[in-house]
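Following: one structure in structure tokens, then a few remarks.
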Amino acid sequence: MIRLAHQQWGSGPDAVLIHGLGASRAFWFPRLAMSLAATHRVTIYDLRGHGYSERPASGYRVSDHADDLLGLLDELRIERAALIGHSLGGSVAFELALRAPGRVSHLALLDSRIQRLQPTMCLREVEPLSAYEQQVAQRAGGDWENETEVGLRFIEAAARLMLAAPAEGLRDEFTPFGEGRGARRAAKQFVDLLDQTSLPQDFPQPGAEVAEYAKARMPTLLLYAQPSRALRSAEVLAQALPQATSQQLDGAGHFFPITHPERTAAAVCGLLAR
């Protein structure tokens with residue numbers, strides 16, 4: 001098992017927060033993690049290759065991340081936990097919920113694209129680009145029209161642009177690798193992850209088969225932005241998961257756990273009360 005950097009706060013039933021691609025456990029701190037810590041023992045951790053966790057050369061499929069999470073639960077002696085995951089983190093939480101449903105009390109997927117349901121993300125399949133994304137695409141160059149992983153490509157382009165020369169005016173409501181020395185360090189870490197590991201090949205690999213989805217019988221929240229590029233995943237999951245409740249946050253972008261923490265916390269706390 002690789003070393004996963006983690007932190008815990010609070011007491012009570014366990015809740016584990018799982019960040020998305022290119023982020024770290026700092027994504028949840030302080031507002032959402034502290035809100036949940038008032039009633040739960042909250043664990044946040046860095047996915048492999050992210051933050052202060054180890055960075056092996058391979059093993060970046062969603063199933064690999066689920067194995068890591070199960071190992072962390074065992075290491076921390078967490079028998080059963082609520083799993084709250086954003087983006088890729090939600091895919092990891094979902095994979096574990098199917099693999100070991102007895103270990104998951106509640107499940108919250110926050111704007112998570114499930115690769116099995118959305119194997120590609122092309123420009124023609126997504127909402128119109130934001131002004132920020134248009135600037136990134138223009139400055140990064142390349143064949144965006146034929147790119148099959150637009151989401152991953154935008155994060156990569158933002159990181160490489162930050163390292164090349166932080167661009168004045170290249171900002172949105174939440175900009176990955178936005179400003180300061182810490183942002184440059186995070187950008188370099190993500191670029192190294194892309195260039196020195198199997199992540200680019202592993203990231204598109206699908207997780208569990210759709211026939212397995214009925215195993216996830218725990219109370220589930222599907223919390224998605226409106227508009228969201230992952231709504232196709234949400235629509236299938238809403239039909240396939242026995243105890244799923246869907247909720248959309250109007251006017252919130254993909255990074256709503258940071259930009260709209262109060263609304264996110266209220267929805268998640270509603271789930272945990274079920």
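Screening residue 224 against (1) more than 22 Å from residue 15 (Cα to Cα); (2) of a type outside the set (A, V, I, L, M, F, W, C); (3) modelled with pLDDT of 95 or more; (4) within 16 Å of the chain's Cα centre (by Cα) leaves a single unmet condition, (1). For the range 217-236, give me each residue that is out of contact with any strand residue (DSSP E or B) (no Cβ under 7 Å at 6 or more places or on another chain) and outside any loop (DSSP other than H, G, I, E, B). Scanning the range 217-236 gives 232, 233, 235, 236. For the range 241-264, taking the residues that are modelled with pLDDT under 95 and of a type in the set (Gly, Ala, Ser), the one that is nearest to residue 130 (Cα to Cα) is identified as 253.
Could you please tell me which pairs satisfy a Cβ distance under 6 Å, a separation of 6+ or placement on different chains, a first residue in the range 137-165 that is within 14 Å of residue 190 (Cβ to Cβ) and in contact (Cβ under 8 Å) with a residue 60 or more places away in the chain, and a second residue that is of a type in the set (A, V, I, L, M) and outside any helix (DSSP H, G or I)? Within 6 Å, the pairs are 151/121.
For the range 1-119, give me every one of the strands (runs of 3 or more DSSP E) that falls completely inside it and has 1 or more residues that are buried (at least 21 other Cβ atoms within 10 Å of the Cβ) and either among the β-branched types (Val, Ile, Thr) or in contact (Cβ under 8 Å) with a residue 60 or more places away in the chain (or both). Give the steps one after another, and end with the answer.
On the way: elements: 6-9, 14-18, 41-45, 81-86, 104-110.
Correct list: 14-18, 41-45, 81-86, 104-110.
Among the numbered conditions (1) out of contact with any helix residue (DSSP H, G or I) (no Cβ under 6 Å at 6 or more places or on another chain); (2) farther than 22 Å from residue 81 by Cα; (3) without any contact (Cβ under 8 Å) to a residue 60 or more places away in the chain, the only one that residue 229 does not meet is (3).
Only one residue in 265, 186, 214 is out of contact with any strand residue (DSSP E or B) (no Cβ under 9 Å at 6 or more places or on another chain), in a helix (DSSP H, G or I), of a type in the set (A, V, I, L, M) and surrounded by fewer than 15 Cβ atoms within 10 Å (Cβ to Cβ). Which one? Answer to the check: 214.
Among residues of the range 258-274 that are under 14 Å from residue 15 (Cα atoms), those with a Cβ under 6 angstrom from a residue that is assigned to a helix (DSSP H, G or I), sequence gap 6+ or separate chain, pair up as 265/32; 265/35.
Restricting attention to the range 237-262, the residues that are part of a helix (DSSP H, G or I) and of a type outside the set (Asp, Glu) add up to 9.
The values are calculated or read from the model by the stated rules, or taken from the named source; none is laboratory data. For clarity, every value in this text was computed on a predicted model and none was experimentally measured. Note: ideal-geometry Cβ built from the backbone for every residue, glycine included; neighbour counts use all protein chains shown.
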